[in-house]
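Written below as structure tokens is the structure these notes are about.
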Amino acid sequence: MKAMHDELDRSMKQLQLPNLEKPYFMSFRVVDSDSTNVSASFGALNNSSESRSRWFTVEVRVGDYKLDNTNFFSMNFNMSSMVQVFNGTTQLPLDDDYKELRRQIWLATDVTYKKAVEDLSKKRAALENKVDTDETPDFTKEDPAVTTATAQAVHADRGQWEALARSLSGLFRQMPDVYTSTISLSAANFYVRYLNSDGTSYTIRHPRVTFNAHAATQAADGTSLDDFVWLYATSVAGLPAADELGSGVRALGQRLKNLRAASVIENYNGPVLAEGDAAAQLFRLVFVPDLLGWRRVLMDGAFGQQQAAQADNPFIDKIGARVLPEFLNVTDNPTLAEYNKIPLAGWCKVDEDGIPTRETRLVEHGILKTLLVTRDPVRGIEHSTGSRHEGQATPSNIFMRAENGLSPADLHAKFLDLVKRRNKEFGIVVRRMRNATAPLLAYKIFPDGREELIHGMQFSGLNTAAFKDIVAASKDQNILTVEFQPRRTMGTFSFGDEGYTAVTLAVPSLLFEDVTVRKARGETPKPPVALHPYFDGK
């Protein structure tokens, strides 16, 4: 921190090319990380490693808050410099050698400043040929804050994890219906030091422990089927015990076995009920990305024509409009560490800009109130909500609450009543999503309560607009922690961090009155010709 502070102070005073602007804002960020990673497949160890790294990122802004060198992308750059410093980021030595740290910080800052003044010149030239009615400034003024939040570091016993990975992956030797499978465990610590020219600084440690079991197979008709178990914790003890992990792996294999034998559906139009994990997954995949404020990036040269392909966030112009039914409310609250005695992954004191976090009411009674934004403002939102993670606006702990929500039994009864009123032979209940359009666990539900598992189905037209037509929701919420990778605009990259942020969602089951479902389209490879060698007996 002394090396960072001294070099930042010197750079703000001395960094200026003749006849060009000095920086009006600078920030330094150093991420120290150490990790232990183990993976195995079918009882055999694939990887066992430990690593340590230190990355430095400098942000240099020239111009002023209204117009600076950011929100602009140009690839015209000295390639020899890019080898050492890319997007303001370079590696630092692991030794705490003050003089060497100063030297490396100085070189990275020099390269980034030169790129900044060049980009500002090009940006001004590009704007000379455009009529831009959007007068949103490039940067916001925020009050400085000094924060410390150092959680206890995690340490994994690599030998125990190797034995655990072999044991758990070996369970797939009892599952002939699964073609490929992997078990992986990871423990990492990210210690972040940050300071900027406004006076903001923080030191934060983010411990992270993850477990991932992934398996894949094919149905007889060639449909690709895959599923996973992903668990997140901030300590090794936070993961379930070995026998519970084993039960989760067996359940994963059983789901895929059942899916291989499931029936298919050609097309369907009617009520769909998203229950359990599917409700949170569907909301996260389809709706949440539009709650994040981001802006189009101005481009020059050969990249200029790509700008037209950049779509604006559709919700920027919908603030004050209805985007959900009147009985639904949505908030983002990174200040909560737990909810209903369940740990929340999105808890944090400040975001990457050092802005103190706070609760943000995004949707009230169905009306969109605001978006989650960073210090790079978007039209109509003047200040950061403390939401920058992995370089972009990102959610933390998302809560959807239903006023006068129904019990599970009443919601299911309302669903079946809709099915009858639409004169449908059956309705569809989804309990797990594969991606934004493809349910993984979906069932035909007949009026007598009978369930029939189906595979290979796909939603058609289920977008954010469809959420306005939700007809009912449950009183209880389904709590799920997921990996969230923020949308990357041109020129935005992340180094030294997790590569994603963990987000916890609490979402009720959701009843849609009219959804179009069809058989998944596209080519798939045929199943393997020969049997799995382990189960062939030859």
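In segment 108-128, the residues that are closer than 21 Å to S27 by Cα reach residues that are among the acidic types (D, E) and in a helix (DSSP H, G or I) with C-beta atoms within less than 8 angstrom, at least six apart or across chains, in these pairs: T109/E7. Of the residues making up segment 331-362, those that are touching a residue at least 60 places away in the same chain (Cβ under 8 Å), more than 14 Å from A393 (Cβ to Cβ) and of a type in the set (A, V, I, L, M) are L336, I342, L344, A345, V350. Only one of the numbered conditions (1) over 30 Å from F211 (Cβ atoms); (2) among the small types (G, A, S); (3) in contact with a strand residue (DSSP E or B) (Cβ under 6 Å, 6 or more places away or on another chain) is violated by S74, and that is (3).
Tallying residues that are of a type outside the set (K, R) and assigned to a strand (DSSP E or B) within segment 161-207 yields 22.
For segment 207-228, how many residues are within 18 Å of the chain's Cα centre (by Cα) and either surrounded by 18 or more Cβ atoms within 10 Å (Cβ to Cβ) or basic (K, R) (or both)? Number of matching residues: 5.
Quick one: which residue in E513, E452 is farther than 30 Å from A188 by Cα, in contact with a Leu (Cβ under 7 Å, 6 or more places away or on another chain), modelled with pLDDT of 85 or more and charged (D, E, K, R)?
Details: E452 fails: in contact with a Leu (Cβ under 7 Å, 6 or more places away or on another chain).
Result: E513 is the single residue among E513, E452 that is farther than 30 Å from A188 by Cα, in contact with a Leu (Cβ under 7 Å, 6 or more places away or on another chain), modelled with pLDDT of 85 or more and charged (D, E, K, R).
So is L185 touching a residue at least 60 places away in the same chain (Cβ under 8 Å) and open to solvent by less than 10 Å² (accessible area, probe 1.4 Å) or not? Considered against the rule, which asks whether it is touching a residue at least 60 places away in the same chain (Cβ under 8 Å) and open to solvent by less than 10 Å² (accessible area, probe 1.4 Å), L185 comes out as yes.
Quick check on segment 389-403: of everything there that is among the aliphatic types (A, V, I, L, M) and more than 16 Å from the chain's Cα centre (by Cα), which residue is most open to solvent (accessible area, probe 1.4 Å)?
The qualifying residue most open to solvent (accessible area, probe 1.4 Å) is A402.
Just for segment 504-530: of the residues that are touching a residue at least 12 places away in the same chain (Cβ under 8 Å) and aliphatic (A, V, I, L, M), which one is surrounded by the most Cβ atoms within 10 Å (Cβ to Cβ)? For segment 504-530, the residue satisfying everything is V507. Could you tell me which of the residues P18, P93 is open to solvent by 30 Å² or more (accessible area, probe 1.4 Å), within 28 Å of K123 (Cβ to Cβ) and assigned to a loop (DSSP other than H, G, I, E, B)? The unique qualifying residue is P18.
Residues of segment 400-438 that are in contact with an Asp or Glu (Cβ under 7 Å, 6 or more places away or on another chain) and more than 19 Å from A278 (Cα to Cα): L418 alone. Would you please name the residue that is nearest to E338 (Cα to Cα), looking only at residues in segment 208-248 that are part of a loop (DSSP other than H, G, I, E, B) and of a type in the set (V, I, T)? Taking the candidates together, the pick is T234.
With respect to I428, is the statement that it is of a type in the set (V, I, T), under 15 Å from L510 (Cα atoms) and touching a residue at least 12 places away in the same chain (Cβ under 8 Å) true?
yes
Within segment 343-388, being under 20 Å from the mean Cα position of the chain (by Cα), aliphatic (A, V, I, L, M) and open to solvent by 20 Å² or more (accessible area, probe 1.4 Å) holds for one residue alone: A345.
Here's the yes/no breakdown for (1) in a loop (DSSP other than H, G, I, E, B); (2) at pLDDT 95 or above:
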site	(1), (2)
K115	no, no
D119	no, no
K122	no, no
K141	yes, yes
G159	no, yes
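The values are calculated or read from the model by the stated rules, or taken from the named source; none is laboratory data. The structure displayed is predicted, hence computed values, not measured ones. Backbone-built Cβ (ideal geometry, glycine too); neighbour counts: all protein chains shown. Please note that ligands, DNA and RNA were not included when accessible areas were found on the heavy atoms of the full protein model with its side chains. Shrake-Rupley method; radii C 1.70, N 1.55, O 1.52, S 1.80 Å.
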